[in-house]
Amino acid sequence: MIGKDVAFRITVVKIQLNFSALLDNAGLPQRLTKELTELFQHHLSKAHSKTRVTSNAISIKTQTYRVRHLIAGFRELRKGGFALQSPWNLSEKHIAYLVKLWVTEKEQAPGTVENKLTYWRTLAAWMKKHQLVGTVDDYIKRPDGYRRYYVAQEDKSWEAANVDVNDVISRLCERDRWVAIQVELQATFGLRAQESMLLRPLQCLRVSGHLHVIDGTKGGRPRLVPIDAEWQYEVLIRAARLANPRTGSMIPEPWSLKKWYRHFYHVLQKEGISRAGLGVTVHGLRHAYLQRMYEQITGVPAPIKRADHRPDPELHQKAMQQLVEAAGHSLAGKATAYISTFATAERLSRPVITPEQVIAALAAANGIKSEAAKSLKISRQALYRILAKCGSSQAASPGEAAAANPRPIGAFHDDLSMNEPANASCDNPVPGQLSLLDDGPS
């Protein structure tokens, strides 16, 4: 009413998974099932991420993952001898057991284990036990190479795999025009698969020269993607002609999103678009889009392309910011997942140093580690890490080595130069070799 104070209340739509059937068929104790039901009813649809910009409920897909993985975890605990009757009895020893089970026995991928820990961390937060769940490193010593990288270690673009995008799209057109145009939208605007499915081409076009991506975005974050060329408008026009006349999206009748998602990837697999096939996924199109954007802004190829020089620092910062905005991420550092960093690219370009090379370099440097590291073009810390991999049985401490053989480093160098076999290594040590692992003069 005009002239009166009016109070408005915005109600957030709560869409929650019907999890009853999953819990009822889980075979868990009655009390555990009852208390999990109460926790799910109050918290399941709430976001755990602190960077999420919308207050809407998380997707049904994410809710399903939470329930399934938590139920599976409780079943694994009970199978492992933990007679848990209540989620409130959960302690650090239970999480430690699960991590060791997943990593050591089931050999699950780092990303899978860290995602599972996120679900358990969320459950702990619901119970106000915010410090209960740590990281993988809090429970085990990671096996070599067992790490989830947030900076690109390899170029996942189709170009890097010598896969012609236009050729694949032409072949897809013969099999399914809607799948083909969605792949083309992903390549043209760096969209995620679900974003290309739910895109409404005409409604999302802005007079500012941007594509407003709203539906299917990660974390519910809408974003503006720049339209820089005439051919991009042509792609949108062709997409609009295939758009669903009822919904405006790119999913044709009578498909639901869930069924179309399966069909989409089934068609791609038939054309070899998979890791096991041509060695690429559609997400690689997004990588390529952002890599091209970086080069257009800076004039220098993205770091993952192993550029021979770096761009102007201001242009680099500008590019990183624009990449994050175009990709729809909340943190600036996320861009490195697509383009890597120059430091990482330089590290990946270096040849792998073997323990045998370290032994030889130490011998040539009379046991002086700093000189050996310099000759190998690695840091002294890197040299130490390589030596550590030789095993504690061979790499004796300085005191132990001196007690075992009091001769100076130079004497060992003389022995090595005369008697060292061609296959000398950490696993096949020769007399005097191990003394070179000790600290020499610096």
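Nothing in this text is a laboratory measurement; each read-out follows from the coordinates by a stated rule. These numbers come from a predicted model, not from an experiment. Here Cβ is always computed from backbone atoms with ideal geometry, including for glycine, and neighbour counts include all displayed protein chains.
If you keep only loop residues by DSSP, which chymotrypsin sites (Phe, Trp or Tyr not before Pro) in region 87-156 have at most 14 other Cβ atoms within 10 Å of their Cβ?
Y146, Y149, Y150
Starting from the Cα of R246, step 7 Å along the direction of its Cβ; do the same at Q381; then give the gap between the two resulting points in nm.
Between R246 and Q381, the label points sit 6.0 nm apart.
Scan region 261-297 for trypsin sites (Lys or Arg not before Pro) in coil per DSSP, keeping those whose Cβ has at most 11 other Cβ atoms within 10 Å, and list them by number. Mind showing how you got there, number by number?
Numbers: sites: R262, K270, R275, R286, R292; in loops: R275.
Here the sparse-neighbourhood loop sites are R275.
With N set to the number of residues, divide the alpha-carbon radius of gyration of region 151-344 by 2.2 N^0.38 Å and report two decimals.
Values: Rg = 16.6 Å, N = 194, 2.2 N^0.38 = 16.3 Å.
Taking the Cα Rg and dividing by 2.2 N^0.38 Å, one obtains 1.02.
State which entries of K46/K93; K305/K369; K34/K79 exceed 24 angstrom in Cα-Cα distance in the structure shown. The partial results should precede the final answer.
Values: K46/K93 27 Å; K305/K369 33 Å; K34/K79 20 Å.
Table pairs above 24 Å Cα-Cα are K46/K93; K305/K369.
Note down the net charge around T217, summing +1 for each Lys or Arg and -1 for each Asp or Glu among other residues with Cβ under 10 Å from its Cβ. Present the calculation step by step, with values, prior to reporting the outcome.
Values: positive: R192, K218, R221, R223; negative: E195, D215.
Here the count lands on +2.
Around W102, with a cut-off of 11 angstrom between Cβ atoms, what is the net charge of the other residues, counting Lys and Arg +1 and Asp and Glu -1? Before the final figure, lay out each step's value.
Working: positive: K100, K106, K116; negative: E76, E105, E107, E114.
The answer is -1.
Alpha carbon centre of region 221-238 versus region 147-176: separation in Å?
One Cα centre to the other: 20 Å.
Can you give me the P(r) profile for region 33-151? Cα pairs, bins 10 angstrom wide beginning at 0, each as a whole percent.
Answer for region 33-151: a P(r) of 12, 44, 35, 9, 0 percent.
Region 70-129: which GluC sites (Glu not before Pro) are DSSP loop and have at most 11 other beta-carbon atoms within 10 angstrom? Write down the numbers at each step before the final one.
Details: sites: E76, E92, E105, E107, E114; in loops: E107.
Passing both the DSSP loop test and the Cβ count: E107.
With the crude spin-label approximation of a point 7 Å out along Cα→Cβ, what separation in nm comes out for T118 versus Q153?
With each label point 7 Å from Cα toward Cβ, the separation is 1.9 nm.
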